[in-house]
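Visitor: To start, I am sharing the structure in question, which I have written as structure tokens.
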Amino acid sequence: MIRVVVLAAPIDVAAEIALAEVAGAGAVATFTGLVRADDGVGTLELEHWPGRTAAALERVAETARDRWRCSAVTIVHRVGAMAPGERIVFVAAAAAHRAAALDACAYCIDRLKTDAPFWKRETRDGVATWVDARAGDEAAAARWE
């Protein structure tokens, strides 16, 4: 099962975990990313390319499923305006064994940061600025090639 959702509403982690706990899985690994309040960030806004963003996330999920023989891979990503502490991304990978589930989950989070078209804008003290991609994200994604 592949589940990819791009939404403006809050992420219901408990509901997503329940969906990922499919029959035959021996492990479910999850990652939940939160909006950080780095250097006084008051709001984080995420824009995306409708259609293309979901398609890119689906390719990431399908690769993880096939590479680690996962029975389920879920990627849920928020868009729109979010405050520090809110959930921005949720990834789950279900597999027969923990190592495969953990690797698939890590792969998804590393690859989605470089493969999916998202644009971040942070607001501090009423001033909004676009956020450049981090060099570390490219290095993290490259380790899976």
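The values are calculated or read from the model by the stated rules, or taken from the named source; none is laboratory data. In this text the structure is predicted, and so the values were computed from the model without any measurement. FYI the Cβ positions are ideal-geometry reconstructions off the backbone, even for glycines, and counts take in every protein chain you see. We work out accessible area using only protein heavy atoms, side chains counted, and drop any ligands, DNA or RNA first. Shrake-Rupley method; radii C 1.70, N 1.55, O 1.52, S 1.80 Å.
Visitor: Which residues, counting only those in segment 18-55, are aliphatic (A, V, I, L, M), at pLDDT 90 or above, touching a Ser or Thr at 6+ places or on another chain (Cβ under 6 Å) and open to solvent by 30 Å² or more (accessible area, probe 1.4 Å)?
Guide: The answer is none; no residue qualifies.
Visitor: Taking into account only those residues within segment 88-115 that are of a type in the set (Val, Ile, Thr) and in contact with a helix residue (DSSP H, G or I) (Cβ under 9 Å, 6 or more places away or on another chain), which is surrounded by the most Cβ atoms within 10 Å (Cβ to Cβ)?
Guide: Among residues in segment 88-115 that are of a type in the set (Val, Ile, Thr) and in contact with a helix residue (DSSP H, G or I) (Cβ under 9 Å, 6 or more places away or on another chain), the one surrounded by the most Cβ atoms within 10 Å (Cβ to Cβ) is VAL91.
Visitor: Test of understanding: among GLY80, GLY85, GLY126, which residue is open to solvent by 60 Å² or more (accessible area, probe 1.4 Å), on the phi > 0 side of the Ramachandran plot and either over 15 Å from the mean Cα position of the chain (by Cα) or of a type outside the set (A, V, I, L, M, F, W, C) (or both)? Break it down stepwise before answering.
Guide: Details: GLY80 fails: open to solvent by 60 Å² or more (accessible area, probe 1.4 Å); GLY85 fails: open to solvent by 60 Å² or more (accessible area, probe 1.4 Å).
Unique residue meeting the criteria: GLY126.
Visitor: OK, next. Determine, yes or no, whether ALA23 is free of Cβ contacts under 8 Å to residues at least 60 places away in the same chain, over 19 Å from ARG143 (Cβ atoms), in a loop (DSSP other than H, G, I, E, B) and out of contact with any helix residue (DSSP H, G or I) (no Cβ under 6 Å at 6 or more places or on another chain).
Guide: So ALA23 fits the description; yes.
Visitor: Then there is this: Could we say that ASP12 is of a type in the set (Asp, Glu), over 26 Å from LYS120 (Cα atoms), open to solvent by 60 Å² or more (accessible area, probe 1.4 Å) and modelled with pLDDT of 95 or more here?
Guide: When the stated conditions are applied, ASP12 does not pass them.
Visitor: Which residue, of ALA18, ALA54, ALA81, ALA14, is out of contact with any helix residue (DSSP H, G or I) (no Cβ under 6 Å at 6 or more places or on another chain), part of a helix (DSSP H, G or I), in contact (Cβ under 8 Å) with a residue 24 or more places away in the chain and farther than 22 Å from ASP103 by Cβ?
Guide: The conditions single out ALA54.
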